[in-house]
Amino acid sequence: MVRHILPAALLLCLSPAAANAATATVEVTRFHLLAPPAPAITGASIAFEPAPTPEAAATPAAAPAPPSLQFGALAAAASGEFAKAGFKPVASGQPADYVARLSLTGTSQVVPKRSGFSIGLGGSTGGWRGGGVSGGVSFPIGSTTKTVTAAQMTVQIRRASDNSTVWEGRANSIAPGADPISAAPALLQALLKGFPGPSGQAVKVKVKTTP
């Protein structure tokens with residue numbers, strides 16, 4: 001999980017129509033130091049790495065764990081979306097101007113026929129200045145039983161030269177499916193839309209999805 005991130009509102013409510021349409025609404029919170037007159041960082045090279053786990057953060061001297069297969073898929077999605085936002089993604093291990101730390105979590109639930117349901121990410125997450133977020137969402141899903149996942153993406157962009165954080169954000173959504181990785185492109189697209197975006201605000205961003 002990315003640490004030191006602003007507290008966001010509860011996960012968004014998604015209607016049945018939105019779940020099957022070519023657009024989705026993602027709730028996004030961003031915090032950054034890139035408001036004018038700060039220089040823009042788009043156009044810079046950027047590499048990707050997993051966000052450290054709380055255990056790893058507590059023992060910084062420990063050797064980092066090798067990237068997982070899931071992170072490989074996540075980094076591939078991030079590379080495409082960051083390129084669309086104007087960055088220049090580089091291959092793993094290559095020098096870059098910035099490093100983006102990525103984390104994706106999700107909670108899946110099988111939804112019974114013709115019922116609303118509530119699903120969340122389970123408990124609270126650490127927040128900016130000690131705040132936090134918890135809770136879930138509810139919406140009817142129609143006449144069939146299906147599996148849905150509440151997914152949360154966090155991204156933190158650090159300057160490679162001094163490891164200082166210049167931008168961070170969190171995005172929440174709910175989508176059909178049992179694997180949160182399927183939601184990654186939409187979450188990344190929402191986070192990077194209009195980069196760097198408003199700082200310190202929870203906003204709902206509409207993005208295109210694959211029906």
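Annotation: amide H-H contacts under 5 Å for ASP179 (H modelled 1.01 Å from N, sequence separation of 5 or more, or interchain): none. Of all lysines in the structure, the ones whose alpha carbon falls short of 26 Å from that of LYS146, not counting any fewer than 8 places away in one chain, are LYS113, LYS204, LYS206, LYS208. With both labels modelled 7 Å from their Cα along Cα-to-Cβ, the SER68 to VAL166 distance reads 3.0 nm. Between the amide H of ALA51 and those of LEU102, SER103, distances stay under 5 Å, these residues lying 5 or more places away or on another chain, with hydrogens modeled in the peptide plane. Straight-line cross-link reach from LYS88 at under 14 Å between alpha-carbon atoms covers these aspartates and glutamates, not counting any fewer than eight positions away in the same chain: ASP97. Taken along the Cα-to-beta-carbon direction at a fixed 7 Å, the label points for SER45 and GLN201 span 3.5 nm. Around the amide H of SER45, modelled in the peptide plane, lie the amide H atoms of LYS88, ASP97, TYR98, all under 5 Å away and 5 or more residues distant in sequence or on another chain.
Values in this text are rule-based calculations from the coordinates and carry no lab data. Computed from a predicted structure; not experimentally measured. Cβ coordinates were reconstructed from backbone atoms using ideal geometry, including for glycine residues, and neighbour counts include every protein chain displayed.
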